[in-house]
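Each remark here refers to the structure printed beneath this line.
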């Protein structure tokens, strides 16, 4: 209800007022005017102020939500970039105690102990049959009450004997069943532990199947790389097949930036060259890290050969297939001389004589065959020549690419990073997710 009243101030001027409700907050406010025309104008002005307050508040809330979203996007992006940059600096296995590893695989006797069930009780049976309590005073005058009590007690004794015999039979059967299950449990433990002992003996006898299984276990435990590992006992050589991510699966966005004037989140992207170098660094890190971890874990390894593959579409057939894009051999002598935390990735890979094409196009079969023949001919020592380089790239261009390698690292480091980055559990799932934006 709208109320209008006339107010008298000092008996000189008359004012009218009206109570108006804020349509957004429900707040009531009394509006005054010296005339109905002025009153209506003041009401319109007040409603206009309320509308502006509402718009300002909505704008602040929208900016706050965009700020929160930008921070979340940058945190997730920073986690990915940090993970991709820190592959070679991630945890490293050194002086692995293989015997302790196998001991941790043993199963222990954790079978529950046999717990007998509760035996029959005369007290519980008496309560069940509602045996009356002895009352000598009452029974002295009422002999019938005594006979009823004695009959009930006799019934309790008979039922107790029957239940005790049944309990003994049931407990004997339970104990027999328990012993059977316990023996099965012990046999399963012995069978499992014998298998672990056999695996341990196979490892120390340098049997390839066990070494390959253990190598894949540790490599997947470190980074969860999609890999297949073979071991040649005679040459003590590891053959590792790695699946590298394609370039479009590497983040191209380096930062999300909020433009408050436009109320939008803008994606700040790497240049094509920076993105290409970022992709290159990820591949080199994966190859070097895998080889060095195998040397660190298996002290008997002499050579690690990395064959890197990438899923590409064959332009001739249009079929998605896995093609070799990198071939690298590293000997133990090289491993002992290289400090991965300080090397230039590309120069390190080149120094190991790795074969790869510009932009990681598939290697030709002839190149792979020549490479393998050359490496098999040189069973010792390291190969210090890069067999395949881009013939169109002169020395100055390679220097520029090295500078760009440093540039991409600096560019990524300068992107805003939260100090408490959330962990990412699966590196390969991050590689092969669909990139948005």
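Placing a pseudo-label 7 Å from each Cα along the Cα-to-Cβ vector at residue 48 and residue 134 gives an inter-label distance of 10.4 nm. Given R0 = 56 Å, the distance between the Cβ atoms of residue 172 and residue 86 translates into a calculated FRET efficiency of 0.30. Taking the square roots of 5 times each eigenvalue of the Cα gyration tensor of the range 122-202, largest first, gives ellipsoid semi-axes of 59, 11, 5 Å. Given 0.36 nm per residue, what is the gain on full extension from residue 71 to residue 192 after removing their alpha carbon distance, in nm? Extra length from residue 71 to residue 192 when fully extended: 38.6 nm. Sorted fewest first by neighbouring Cβ atoms within 10 angstrom, 109, 329, 232, 179 come out as 109, 179, 232, 329.
Give the separation of the Cα centroids, the range 252-312 to the range 169-214, in Å. With the range 252-312 and the range 169-214 each reduced to a Cα centre, they are spaced 43 Å. Computing FRET efficiency as 1/(1 + (r/R0)^6) for residue 319 and residue 248, where r is the C-beta to C-beta distance and R0 is 22 Å, gives about 0.75. Sorting 261, 176 from the fewest to the most surrounding beta carbons within 10 angstrom yields 261, 176. Taking the fewest neighbouring Cβ atoms within 10 Å as the starting point, the ordered list for 70, 233 is 233, 70. Distance between the modelled labels on residue 261 and residue 121, one decimal in nanometres: 8.5 nm (7 Å Cα→Cβ projection).
Taking the centroid of alpha carbons for each part, the range 27-60 and the range 80-148 are 72 Å apart.
Coordinate-derived values only; no laboratory data. Fair warning: this is a prediction, and the values are worked out from it, not measured in the lab. FYI the Cβ positions are ideal-geometry reconstructions off the backbone, even for glycines, and counts take in every protein chain you see.
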